[in-house]
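Worksheet: the structure to be examined is printed underneath.
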Amino acid sequence: MTKPAAASLPKTFDAAVTELETIVRQMETGELPLEQALERYQRGVVLLRHCQDKLGAAEQQIRILEGDATVPFAADDAGDAASEAGAK
């Protein structure tokens with residue numbers, strides 16, 4: 001008997017990505033029987049959603065920490081700041 005796809009989620013994001021990569025490799029071989037391929041696909045969808053949720057939560061934490069003051073980084077700005085600091 002096989003376990004349901006959502007029975008247990010990996011504890012870490014990296015573990016989920018590793019499992020998802022394994023599923024992709026298995027499915028790319030084309031050697032899985034139909035039923036097994038469908039089970040692996042279903043598990044992959046669950047893992048993908050889990051990873052998306054984890055990334056969304058991390059992005060939200062960053063926004064909170066930065067106070068929504070995310071500013072695009074420009075290489076010229078960093079160089080100007082370094083030049084000004086050296087000139088003082």
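The values are calculated or read from the model by the stated rules, or taken from the named source; none is laboratory data. Everything numeric here is computed off the predicted structure, so don't read it as measured data. We place every Cβ from the backbone using ideal geometry, glycine too, and count neighbours over all the protein chains shown.
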Residues located in the range 41-59, provided they are within 9 Å of the chain's Cα centre (by Cα) and among the aliphatic types (A, V, I, L, M):
L48, L55
I'm told A6 meets every condition in (1) at pLDDT 65 or above; (2) surrounded by 11 or more Cβ atoms within 10 Å (Cβ to Cβ); (3) part of a loop (DSSP other than H, G, I, E, B) except one. Can you identify the failing condition by its number?
(1)
Do we have any residue at all in the range 69-76 that's surrounded by 10 or more Cβ atoms within 10 Å (Cβ to Cβ) and either at pLDDT below 95 or not in a loop (DSSP other than H, G, I, E, B) (or both)?
no
Might you let me know whether the range 34-45 holds any residue that is modelled with pLDDT of 95 or more and loosely packed, with under 10 Cβ neighbours inside 10 Å?
yes
